[in-house]
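Engineer: Take a look at the following structure, please.
The values are calculated or read from the model by the stated rules, or taken from the named source; none is laboratory data. Note that the structure is predicted; figures quoted are calculated from it, not measured. For neighbour counting, all protein chains shown are included, and Cβ atoms are generated from backbone atoms with ideal geometry for every residue, glycine included. Just so you know, the surface numbers come from the protein's heavy atoms only, side chains and all, with ligands and any DNA or RNA stripped out. Shrake-Rupley method; radii C 1.70, N 1.55, O 1.52, S 1.80 Å.
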Amino acid sequence: MPDPVGVAVVGCGTISHEYLRNLTSFADLRVLLCADLDTTRAKAQAARYGVPEAGDTAAALAHPDVELVVNLTVPAAHAAVTRQALAAGKHVWTEKPLATDSATGQQLLAGAARAGLRIGCAPDTTLGAGLQTARRLVQAGAIGVPQTGLALLQDPGPDRWHTDPEFLFQPGAGPLFDMGPYYLAALATLFGPAEQVAALGRRGRDQRVIRRGPRAGTAFGVSVPTHISALVSYAQGPAATLVLSFDSPLRRHGFLEITGTEATLALPDPNRFDGETRIRPAGSDGWTSIPAAGATAGRGLGVLDLARAVRAGVPHHAPGELALHVLETMEAITRSAGAGAFEPVRTTFTIPDLLAADWDPQASTMLEAM
Ligand SMILES: NC(=O)c1ccc[n+]([C@@H]2O[C@H](COP(=O)([O-])OP(=O)(O)OC[C@H]3O[C@@H](n4cnc5c(N)ncnc54)[C@H](O)[C@@H]3O)[C@@H](O)[C@H]2O)c1
């Protein structure tokens, strides 16, 4: 007789609002505790979203009813928090990237496997109606044999809007590690594992200035490339080109197209859960729009899917193995940008199954079973 899964959120910053709004609305989850290094933040978020307890990470890990830790800390802290949660016997959902390097990511997955625990990792936009609809079309043969992908993310940079943007310009972030996971994970669920990459990297400015919030005007250093042009070769044959930039005065988000032998598919923004897919058959001079079918609730769908999968004893759909592969791909892109040579990608994963088009986040699958 399964109960809803007890959850603790660790890291109560910017993105915790979207997560907490959604996680507290899902009947199959019980958010029991908010935690942060800054316990004032944790208390404020707990009060705002009706979460009964707040404290530090140790309190989250000691809570006997917490089965799943949702790690929303900054990238540099992801691995340490995930490791501690696994050691405490908790399943983990972590924001991207899984870790700042793939060797650490690999250790986390091995540790979870040894302990019989699960790791799920953002992005969970791959579970959203938009990308699921596009994948259903590709699986049904709508574009023929997939051949190429083109992804563009151009932005002046998150120093424009984030109140604490330093981490977004340090190892573990930059446009590649911060935004790349959306595009690379979407392509991976369509094309399968990558096998080699090549890239160029540039750093437009050595210093940035915070524009918003109480620290506006503060300058900080940039230690990662802020413009990446990458080529990715996939083991099943397709090739993709990606531009990921925080050095662009022009803001162009969410451009993702794939071609096949029979048609071109324009996918919705892979950083969103909704959005139509457009298809243009070879020889046609116009696009046909296909509305998205599936879940659009937003960040937290992956946590819910992981919790339901734990209860049901079935695979979850945004697994650590996919995140590790995306992480290793980003690492290889960084190496290639430094070395000027093609770099191999060695990890692999199995493409997660599609969700049912009527997969309902609001359903009480656990309570119904009682
Ligand atoms: N901001 C966004 O729009 C956005 C969108 C999608 C994903 N993300 C991802 O979410 C994660 C968090 O981003 P954010 O923008 O919310 O950052 P943030 O800086 O606003 O918040 C991070 C929070 O984590 C806490 N924290 C840091 N280290 C900790 C530790 N060791 N233990 C406990 N708490 C700790 C900080 O005190 C802070 O409150 C990042 O991985 C980011 O890539 C952010």
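Engineer: Which percent, nearest 5, of DSSP beta bridges in the chain are antiparallel?
Structural biologist: 60
Engineer: Local charge sum around Pro315 (other residues, Cβ-Cβ under 15 Å, Lys/Arg +1, Asp/Glu -1)?
Structural biologist: Residues close to Pro315 contribute a combined charge of -1.
Engineer: Counting only protein heavy atoms and using a 1.4 Å probe, what share of the accessible area of the chain belongs to carbon plus sulfur, as a whole percent?
Structural biologist: Answer for the chain: carbon and sulfur cover 52 percent of the accessible area.
Engineer: Could you give the spread of the C-alpha atoms of the chain along their three principal axes, from largest to smallest, in whole angstroms?
Structural biologist: Principal-axis extents of the chain (Cα, largest first): 58, 51, 36 Å.
Engineer: Report the Cα centroid-to-centroid distance between segment 60-132 and segment 138-190 in angstrom, as an integer.
Structural biologist: A separation of 20 Å, based on Cα centres.
Engineer: When ligands, DNA and RNA are left out and all protein chains stay put, how many square angstrom of accessible area per residue does segment 235-275 have with a 1.4 Å probe?
Structural biologist: Accessible surface, normalised per residue, equals 42 Å².
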